[in-house]
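Structure first, then comments.
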Amino acid sequence: MGVVVKKVDLTWLDRTYLWPVAKGLFITLKHFLRQILTTTKKRQTVQYPEMKRPVSDGYRGLHELKRHEDNSIKCVACFMCAEACPARCITIDAEEFGDLNTLQGIAEKRPVLFQIDMLRCIFCGMCQEACPKDAIWLRKNYELSCKSRDEMQLGKFDLMNTYAEEDGSERVVPESMFKTSNNQLS
Amino acid sequence: MFLAFALITLGGAFALLIQRNAVQAGLCMMLSFFGMAGLFLLLANPVAAALQIIVYSGAITILFLFVVMLLQSHREEPSAHPRYIQKILSAALVIILALGAIKLVQSSKTLADIQAASPASDLITLEKLGERLFTDHLVALEAIGLLLLSAMIAAVVLIKKEA
Amino acid sequence: MSDFFTSLGVYIPIIWMLVKILAVFVGVMSLSAVLTWAERKGAALIQDRIGPNRAKIIGNIRLFGIFHLMGDGFKLIFKEDLVPLHVTRGLFWIAPLLAFVPAMMGFAIVPFGQSFEWHGHVLHMSVIDPGNGMGMLYPMAIASLAVYGILTASWASNNKWSMLSGMRGTANMISYEISFSLAVIAIFLQMGAYDPHEIIAAQSSMWNVVRQPLGFLLFFVCAFAETNRLPFDFAEGESEIVAGFLTEFSGMKLGFLWLSEYVHMVTVSALMVTLYFGGWQIPFVANPGPLLSFIAFALKLLFFCWMFIWVRWTLPRFRYDQLMFIGWKILLPIGFANLLFYAWLINKGVV
């Protein structure tokens, strides 16, 4: 079945071609003036590095390993996330530590190595769902670029610090951990 | 100046002759016409110079090139036989004809008239050209107009498909 | 100081000539370079975008992205100049110049300000002084040479798209050149002069655009075809033939071909201003003097350059058969009718 195309009957004014062109020129001029008179903030275009669009609530960005109030890691190295990960990008090495105090957390197990291969991660959020301790969150940061592949292997302290600046919390560094606990196991 | 333009003209013409490539030959022709326009300028005839460029370089050569490009025949095939005798004969003929032409021009009465007249009187403007065309050469102009018109009609008739 | 200038004496015209040549060359070059920026920015604003604005120098000076211009220039100069193996070498090298030089030369005749007297010498604000007998024939002659740039570039590229573009561009330009010339001839008729200085002087009471609106329209349309700008950019036609005659070019050769389009735009705008908008004249001002007249000319010129950009981002390209139809069956008869009408008026003594 063919489609019957209705032919548009042009008026003599349209046939001159000049009048429609003039109309078109005014339309573009209108757009031009409108765009030139709107401020950068009101424009549709987002000036990216300076301005960012708010991401949706369900957005899953870069991970953060949550900490307790004393900056000790919440993770108890239960391997649930590593098991749940469909991309198999989480590597965990657990360690046991006996000196239970509030500074070191309240569990007796913690990761000595917690590495996420960001080149493999698919940001599915399974790790977050699997975590019994609510210790790993996928948050809103999506600017994950770096200059070498090695930099994309985020370790335990990297992951704990991913949102330190944004939250205004202290950066956790390995040295400070050593300072606060001299008697931790290997 | 004369030497420069003359060299451009002759160089362009010579390059046009020895060029095996039709499009490049066309460009050489353009160069030659350009040099000729320069010569017209030196003869205090800017109108002729401008018309030379507009008509010959701007339209005729372009049309040649256009047709050549349409036909896609870019390269002339080298001839199968060297044909020495023809070459020598044609060169001799050219030399004889050229010498004859020079002789003819030098012995002509117009040249003497021109030499007698004051050199480079004043610019030939478009007004003067128009005046001359429509008074002294009116018949010729009309005849040429008719000729062109008939040529155009003939071209249309030739091209027109049988209905 | 004035003694010094008078002692220069006969050298003043020569010095002034050098100054003019330099000023026109630098002026047109930089104006056309700025136009590349204006085109990008204007296109963006017309399409509700923002356009180039990230290039910055000295800390954080951006100035609406005008430094993209320098970035473009540096990029084109330092980019690898690739010459494909299948091109015709010599012509491939000459082509950008063949496109660029005629575009540049055309501006030489245009008076960009009122002539003035200085230390006993009448100095004209156009590279070629009036009374040369060539007048407006000169830019027409030069404009007819502009085809060679495209033709040579497309042929030398030895590439079927380039070839097609060359054919289309050539056909386009030579078809519209006729109507272009007819419009100009109508001006010659009415002015009784063909020197740009005289044409401008004759427009002191009324601009030619009022006297010959149809002629202006004709000239205006053909100007787009002559500069190969949309809606007549058949030589480029990105959507159909890659980039047309530009396809094989890279580096500064591309830069020259590209820039020549903008230089052409400036030149044709200047002609338009001279022929139809009173050149450097300011309405209701009898003798504006060199500086004011130059400013008036520059403003008009900029307006028409902007017009080119504006139209480009408004209209789509014609189809090829439409192009030929408009060129030969509409514009050409209009051109002849216009010419004959004014000839008749002059014969009747109305004008």
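How would you rank B:Leu99, C:Leu271, C:Leu323, going from fewest to most other Cβ atoms within 10 Å of each one's own Cβ?
Ordered by Cβ neighbours within 10 Å, fewest first: B:Leu99, C:Leu323, C:Leu271.
For peptide B:54-60, what's the mean number of Cβ atoms from other chains within 10 Å of each residue's Cβ?
Mean shielding count: 5.
In the stretch B:125-163, which GluC sites (Glu not before Pro) fall in coil by DSSP and have 10 or fewer other Cβ atoms within 10 Å?
Sparse-neighbourhood loop GluC sites (Glu not before Pro): B:Glu162.
When a/c is below 1.5 the answer is rounded, else prolate if a/b is larger than b/c, else oblate, so apply that to chain B with a ≥ b ≥ c taken from the square roots of the Cα gyration tensor eigenvalues.
oblate
So which trypsin sites (Lys or Arg not before Pro) in the stretch A:5-67 pass both tests, a DSSP loop state and at most 10 other Cβ atoms within 10 Å of the Cβ?
Those satisfying the criteria are A:Lys6, A:Lys7.
So, with +1 on the Cβ of K and R and -1 on the Cβ of D and E, and no other charges, what is the size of the charge dipole of the stretch A:8-48 about its Cα centre, to the nearest 20 debye?
Using Cβ point charges on Lys, Arg, Asp and Glu, the stretch A:8-48 gives about 380 debye.
Beyond a 26 Å Cα-Cα separation, which of these cross-linked pairs lie in this structure: A:Lys52/C:Lys79; B:Lys128/C:Lys348; C:Lys253/C:Lys329; A:Lys23/C:Lys329; B:Lys160/C:Lys160; B:Lys161/C:Lys160?
The answer is A:Lys52/C:Lys79; C:Lys253/C:Lys329; B:Lys160/C:Lys160; B:Lys161/C:Lys160.
Starting from the Cα gyration tensor of the stretch C:4-97, take the square roots of the eigenvalues, sort them a ≥ b ≥ c, and report rounded, prolate or oblate (rounded when a/c is under 1.5, otherwise prolate if a/b is larger than b/c, else oblate).
Oblate, because a/c is 1.5 or more while a/b does not exceed b/c.
Between the alpha-carbon centers of the stretch C:88-116 and the stretch B:123-154, tell me the distance in whole angstrom.
Distance between centres, Cα-based: 32 Å.
For peptide C:79-92, what's the mean number of Cβ atoms from other chains within 10 Å of each residue's Cβ?
1
Test of the criteria: in the stretch B:1-104, which trypsin sites (Lys or Arg not before Pro) are in a DSSP loop and have at most 13 other Cβ atoms within 10 angstrom of their Cβ?
B:Arg20, B:Arg83
Reachable lysines from A:Lys30, Cα under 20 Å, same-chain residues fewer than 8 places away excluded?
Hits, sequence-local ones excluded: A:Lys41, A:Lys42, C:Lys41.
Among rounded, prolate and oblate, which fits chain C when a ≥ b ≥ c are the square roots of the eigenvalues of its C-alpha gyration tensor, a/c under 1.5 means rounded, and a/b larger than b/c means prolate?
In terms of gyration-tensor shape, oblate.
With +1 on the Cβ of every Lys and Arg and -1 on the Cβ of every Asp and Glu, and nothing else charged, how large is the dipole of the protein assembly as shown about its Cα centre, in debye rounded to the nearest 20?
Computed about the Cα centre, the dipole is about 1200 debye.
Among B:Val139, B:Val68, B:Val23, which one shows the biggest mean-square fluctuation in a GNM of chain B, springs joining Cα atoms closer than 10 Å?
For chain B, modelled as a Gaussian network with Cα springs under 10 Å, the answer is B:Val139.
May I ask you to list the lysines whose Cα is less than 22 Å away from that of A:Lys147, ignoring any residue fewer than eight positions away on the same chain?
A:Lys156
Suppose every K and R has +1 on its Cβ and every D and E has -1 on its Cβ; what is the size of the dipole of the stretch A:63-180 about the Cα centre, in Debye to the nearest 20?
260
What is the average number of partner chain Cβ atoms found within 10 Å of a Cβ in C:130-141?
6
Quick check: Cα centre of the stretch A:125-156 to Cα centre of the stretch C:148-190, how many Å?
61
Can you sort A:Lys109, B:Lys161, A:Lys147 by how many other beta carbons sit within 10 Å, fewest first?
Fewest to most other Cβ atoms nearby, the residues stand as B:Lys161, A:Lys147, A:Lys109.
Bear in mind that the values in this text are calculations on the coordinates, not laboratory data. Small disclaimer: the values here were computed from a predicted structure and weren't measured. Quick reminder, even Gly has a Cβ in these numbers, built from the backbone with ideal geometry, and neighbours come from all protein chains shown.
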